[in-house]
1. Counting only residues that are more than 12 Å from ligand 2 (Cβ to nearest atom) and out of contact with any Leu (no Cβ under 9 Å at 6 or more places or on another chain), how many does the stretch 284-319 have?
2. Given the criteria within 16 Å of ligand 1 (Cβ to nearest atom), of a type outside the set (S, T, N, Q) and over 18 Å from ASN174 (Cα atoms), does VAL305 qualify?
3. Under 7 Å between Cβ atoms, which residue pairs at least 6 apart in sequence (or on different chains) link something in the stretch 222-240 that is over 15 Å from ASP262 (Cβ atoms) and crowded, with 18+ Cβ neighbours inside 10 Å with a partner that is charged (D, E, K, R) and modelled with pLDDT of 95 or more?
4. Look through GLN68, GLN48, GLN89, GLN41 and report the one residue that is at positive phi and among the polar types (S, T, N, Q).
5. Checking the structure you have, find out if any residue of the stretch 131-138 is within 15 Å of the chain's Cα centre (by Cα), more than 18 Å from VAL23 (Cα to Cα), acidic (Asp, Glu) and not in a strand (DSSP E or B).
6. Name the residue that is farthest from ALA20 (Cα to Cα), counting only residues in the stretch 343-384 that are assigned to a helix (DSSP H, G or I) and at pLDDT below 95.
7. For the stretch 58-80, which residues satisfy the criterion of being surrounded by 16 or more Cβ atoms within 10 Å (Cβ to Cβ) and within 15 Å of ligand 1 (Cβ to nearest atom)?
8. Restricted to the stretch 23-44, and to residues that are within 14 Å of ligand 2 (Cβ to nearest atom) and crowded, with 22+ Cβ neighbours inside 10 Å, which residue is farthest from THR183 (Cα to Cα)?
Amino acid sequence: MKKIKVMTVFGTRPEAIKMAPLVKALEATEWCETQVAVTGQHREMLDQVLEVFAIKPAYDLAIMKAGQTIEEITTRILSKFGAVLEEAQPDLVLVHGDTTTAFAAGLSAFYRQIPVGHVEAGLRTWDLAQPFPEEANRQLIDVFAQLYFAPTQQSRDNLLKEGKEAAGIFVTGNTAIDAMGYTVAARPQLTAAAWAPGRKVAGAPKILVTMHRRENLGEPMAQVFRALRQVLAEQPEARVVFPMHKNPAVRKLAQEILGDLDQVELIEPLDVVAFQNLMAECQLVLTDSGGLQEEAPGLGVPVLVLRETTERPEGVQAGTVRLVGTEETAVYQAVTAMLTDEAAYHKMAHAANPYGDGTASQRIVAAIAYHFGLVSTRPADFTF
Ligand code: UD1
Ligand code: UDP
């Protein structure tokens with residue numbers, strides 16, 4: 001039997017983490033020839049993930065440049081990816097989420113009339129400025145994609161509202177949860193219960209911070225860091241761990257505002273196993289990351305989101321995620337409440353998993369097999 005060639009393409013840390021379980025699931029089939037291409041939009045942070053999951057890409061465009069602009073990322077991918085497609089001749093190209101890698105690589109495949117499958121399709125804020133440029137990237141990908149792997153029912157509904165054909169949409173859960181099956185050893189239920197806010201306990205409250213969104217660079221980020229400084233001055237037992245994104249603009253500001261505090265550890269990005277196990281041990285997550293909003297609820301760790309809006313409303317609805325924005329007073333008050341108000345803390349600190357059951361990759365593989373006529377039964381949708 002002639003194998004179906006499925007190419008996965010990714011370039012940044014979060015795409016790599018969420019595509020890795022899918023690559024493994026595709027490799028486990030007999031009918032698929034799995035091709036992995038990376039753009040190298042991130043270099044060090046991508047390579048960390050490739051190493052953890054032992055993935056060796058057949059193609060690496062190596063496009064990263066320090067201080068790269070969005071146009072540079074886009075044009076460098078467009079100018080290089082066509083040759084990869086020419087050589088590999090995939091039957092389907094899978095892109096992930098909302099990065100410029102996903103948009104540019106998907107566009108390149110579309111120009112060559114190769115069907116595009118969008119993993120993590122249908123997330124929306126309907127605000128092109130938040131997150132920027134990701135909201136535009138994901139909407140644009142969904143214009144030229146043929147297959148949509150929507151993580152939740154709500155993301156499916158967003159696609160239907162835009163007039164996408166129901167036949168091409170599969171609700172799969174998010175592969176982020178599949179990835180945690182490879183990484184996290186800790187037992188989620190124990191995490192939140194182990195900490196009693198406002199009381200002396202073995203181990204001081206540990207807050208995990210990550211921040212990198214383009215629209216937060218500069219003043220919004222400075223406000224958040226100043227708010228944290230104030231919280232820590234009033235909560236001498238509290239500790240912050242901040243694995244800093246490689247973006248120099250993030251690192252400079254974090255060093256300037258938080259660098260002199262003994263209560264703060266500013267560290268290098270952790271590999272995904274170390275990072276997610278650290279998250280499982282922490283009492284609170286403060287972040288503008290997309291992926292952390294999906295992962296932390298599964299671990300029972302409350303998340304304060306440093307953004308005005310989110311494309312991931314399911315965590316907010318499940319009660320484990322709260323939008324606080326980046327305004328200094330709002331952040332100060334929200335973090336302080338989590339450290340001092342036991343009832344408020346425990347209301348948020350429960351495990352919920354609206355994003356998946358750990359088998360999203362299997363559903364995507366089954367959907368691809370169905371699309372190519374290898375099986376006659378459409379896979380059942382993920383429901384929460
Ligand atoms: C990109 C994505 C964003 C995603 C984020 C995940 C776009 C436009 N943005 O944003 O959607 O949430 O990745 O982290 O696609 N750098 C390094 N080494 C690395 C990685 C980054 O030095 O391994 C530095 C480079 O100087 C680079 C800067 O970080 O210029 C920013 O990286 P870039 O990929 O342009 O944007 P992100 O903010 O990481
Ligand atoms: N992550 C990691 N090491 C770190 C910080 C984050 O492995 O030091 C993981 C995290 O578990 C999640 C992903 O990276 O899976 C999130 O990446 P990021 O916040 O850069 O991007 P976003 O999710 O916002 O697109």
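The values are calculated or read from the model by the stated rules, or taken from the named source; none is laboratory data. Small disclaimer: the values here were computed from a predicted structure and weren't measured. Cβ: placed from backbone, ideal geometry, glycine included. Neighbour counts: every protein chain shown.
1. Residues in the stretch 284-319 being more than 12 Å from ligand 2 (Cβ to nearest atom) and out of contact with any Leu (no Cβ under 9 Å at 6 or more places or on another chain): 7 in total.
2. yes
3. Correct list of pairs: GLN223/GLU327; GLN223/GLU328; ALA227/GLU328.
4. GLN89
5. yes
6. Per the stated criteria, the residue is ALA343.
7. Across the stretch 58-80, the qualifying residues are ASP60, LEU61, ILE63, MET64, ILE73, THR74, ARG76, ILE77.
8. GLN41
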